[in-house]
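The values are calculated or read from the model by the stated rules, or taken from the named source; none is laboratory data. On a predicted model such as this, the values are computed, not experimentally measured, just so you know. Every residue, glycine as well, gets a Cβ built from its backbone with ideal geometry; the counts of neighbours run over all protein chains shown. For the accessible areas, the whole protein counts, side chains as well, though only heavy atoms, and no ligand, DNA or RNA atoms are used. Shrake-Rupley method; radii C 1.70, N 1.55, O 1.52, S 1.80 Å.
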Amino acid sequence: MTVDMDKEDALICFEEHIRLLEQEHDDDKERDRRKVRRVQRKNRDAFIELLDELHEEGKLHSMSQWMTLYTTISADARFDSMLGQPGSTPLDLFKFFVEELKSRFQDEKKVIKEILKDAGFLMDLSTTFEDFASTVTTDKRSQALDAGNIKLTYRTLMEKAEAREKERIKDEQRKQKKVEDAFRRMLKPHGADWTQETKWESVRGQFERESAFNAVPIEADRVRIFSELVSQLEEACLHSSSSAFKKSKKTKKHSRRSRSRSDSESGGDTSRRRESRKRSRSASPDSKSQDKKRNYRRRSGSRSASDDSDRDSRSKKKRSRSRSTTRDQDDKNKKHKKKSKKSKKSSKQQSPVDDRKRKGKEKDKSGKYHSEGELSEEELETKRQALLRQLNQ
């Protein structure tokens, strides 16, 4: 049977058929995906049911660890069905479950405190976990409580009990210290004549009527405080005496040092004076002559300072006179220069034999030259020795 149809219409029908087939294929794939997801979700729900069963049995709680429960969990088929599927793993589900139990700790802690309050149970250092757990589990409200949270609550309450006990001990120690201090203050004024040989029985009757005596109920404590006070007083006496002795030693040493310093200073001054005298005596005549020249220069300097004013006034008068005489002096200088030039020429013409004769006359016995006004070294030494002999005499 043949149907007359255009090619265009046939192509349109073919496209619609292909679209229908593609839609059916996509629908089949989506159904398969949904089935797989449903299976995976059922596997996860089954594993969570396994964790709930372990929690109800008390094997799983907020303080549980994966390593401790792995053998129990891995033996179940619900754990095997979780393997290989995408998404959360058995370890992830276990951690989420434990975190959820820990988040319930504060609410469950309040419930446990209410149970203990209703039961009239008091926590102290002697309370054991068994007593605590038996008191909590007897109440119906404890059925929904986690075992791990019960343990954590017990630990926190025990820590608070320990803190209260420490504070109580500190308060008792403070009170005891105040009582002992009052007892020491009562004994101290009478302890001047006490020694290590003094016994508490011989002194006890003096303080029986005092309130500080009655505040210390135990006799052993009274004896202990008395003996400690006696030893402290003796140590204080020894310390004061030793410190006074050391101070006296220091003052003596200081006085001796000051005397030795004064003596050394006086001896040093006398020795310096003697040395200066010796040096002055042993000084050469040349040094004396130099001293005289220095003194003369000082005197002349002082005189010149006083005469400066007079010189200034005189200089002004001389300036007026010098102007008139400068011309005459210039003429004289010119004439003198001409004469000096002529004398130099005549001196050059003289023979060098005359110079040698003059130099030979200036030699002394030692073979050294010296001017007519100067002395030789041998003559100076003889004069020095004669002066030293006169000084020593």
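Quick grid of which residues meet (1) among the hydrophobic types (A, V, I, L, M, F, W, C); (2) in contact with a Pro (Cβ under 8 Å, 6 or more places away or on another chain):
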site	(1), (2)
HIS61	no, no
TRP66	yes, no
TYR70	no, no
ALA75	yes, no
PHE79	yes, yes
PRO86	no, no
PRO90	no, no
PHE94	yes, no
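Looking across segment 31-60, just one residue is modelled with pLDDT of 90 or more and small (Gly, Ala, Ser), and that is ALA46. When restricted to residues that are open to solvent by 60 Å² or more (accessible area, probe 1.4 Å) and at pLDDT below 90, segment 135-156 contains 6.
Can you find even one residue in segment 157-172 that is under 30 Å from ILE48 (Cα atoms), open to solvent by less than 30 Å² (accessible area, probe 1.4 Å) and modelled with pLDDT of 90 or more? No, every residue in segment 157-172 fails to be under 30 Å from ILE48 (Cα atoms), open to solvent by less than 30 Å² (accessible area, probe 1.4 Å) and modelled with pLDDT of 90 or more. Identification of helices (runs of 4 or more DSSP H) wholly contained in segment 17-111 with 3 or more residues that are touching a residue at least 24 places away in the same chain (Cβ under 8 Å) and surrounded by 15 or more Cβ atoms within 10 Å (Cβ to Cβ) yields 77-81, 90-103.
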